Each structure stands twice: as structure tokens, then as C-alpha cells.
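The values are calculated or read from the model by the stated rules, or taken from the named source; none is laboratory data. Note that the structure is predicted; figures quoted are calculated from it, not measured. In this analysis, Cβ positions are derived from the backbone assuming ideal geometry, glycine residues included, and neighbour counts consider all displayed protein chains. These area figures cover heavy atoms from the full protein model, side chains too; ligands, DNA and RNA do not enter into them. Shrake-Rupley method; radii C 1.70, N 1.55, O 1.52, S 1.80 Å.
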Amino acid sequence: MKNTILFFSLVFILAQTACGPAAESRDSMHKRAKEVQDSIAKSIKDAIAEAEEGMTAPAPTPVADTTKK
């Protein structure tokens, strides 16, 4: 019984340590995260620039003077 518990606990510990992502996977995940972050930052900057362009005041339209007869 003790041997069985020892065996299964060793298998469990081995499985827990062996199931982590490889270093190559982590590097590619960090690279992809950086690309996504840069893409989001660019789209936010583009949206801000577009909104600032639209903030210019339109030319005033002349209003007819209705006080004169």
C-alpha cells in the first residue's frame, strides 16, 4: 500500500513539473504579446489623431439679418 501511494505521488509530481511550457513557447508568446500590444497602441493613437482632426471648428454660416425691413 505504501509503495502504491509513493509511486502515484512520484508520478503526480513528475507530471506537474513536466507539463510547463517550453522556453521556445514562452519566447514566442512574449513576442506575440508585444506585437498585439503595439497594434493596440497604434490603433488608439490613430483614433485619437482622427478625433483631433474632427475637433476643428467648422466655418460659421452667415445668418440672414431679419431685423431690416
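Annotations for the structure displayed:
- A simple charge model with +1 on the Cβ of Lys and Arg, -1 on the Cβ of Asp and Glu and nothing else charged puts the dipole of the chain at about 280 debye relative to its Cα centre.
- Rounded FRET efficiency, nearest 0.05, which uses the C-beta distance separating residue 31 from residue 7 and R0 of 35 Å: 0.30
- Whole-percent carbon and sulfur share, accessible surface of the chain, 1.4 Å: 65
- Note that the chain presents 100 Å² accessible area per residue, ligands and nucleic acids not counted, probe 1.4 Å.
- Residue-count net charge about residue 38 - beta-carbon cut-off 14 Å; Lys, Arg +1, Asp, Glu -1: +3
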